[in-house]
1. Return the FRET efficiency for the residue pair residue 170, residue 30: r is the Cβ-Cβ distance, R0 is 41 Å, and the value is rounded to the nearest 0.05.
2. I need 24, 113 ordered by Cβ neighbour count within 10 Å, fewest first.
3. Distance in nm between label sites at residue 76 and residue 40, each 7 Å beyond Cα in the beta-carbon direction?
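Values quoted throughout were computed directly from the atomic coordinates according to the rules given, and no laboratory measurement underlies them. Keep in mind it's a predicted model, so treat the numbers as computed, not measured. Note that each Cβ is placed from the backbone with ideal geometry, even for glycine, and that neighbours are counted across all protein chains shown.
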């Protein structure tokens, strides 16, 4: 089993710069550059949203196998689709009971719980947690409507503790 790659913000910044991506650094690294003693393990940037810059950013993110999470990712993804182009968004919706959700919360917020879960399940003590984001379908539909997408197909598949949903649609020709 290979270890996760070491976080190297200098390498990420070099790649963004080499690709001509226009951005500014915000968050923890920006605070550190101004003397803050805080620590961080991520890189937060604000980037220009014109199509050429988005393509450059998308290229770098694909190259490093980055994973974008959260509802804002949907708008970002649709923005990268050409007018009249199609899209497919695949996401999950949790349906498991409260105790399972409470254990998930504890494993992500209480030190030591994730280690205990890994050992109990027979995994390495420091095995990474799987990220299962919960996206409310109604909020996704509202985002699509705000982007001018009025027709799309929804397909759902039930699993033991969650549903997976696929949204297939077409970005409008003109907005």
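1. Efficiency for this residue pair is about 0.60.
2. 24, 113
3. For the pair residue 76/residue 40, the computed spacing is 1.5 nm.
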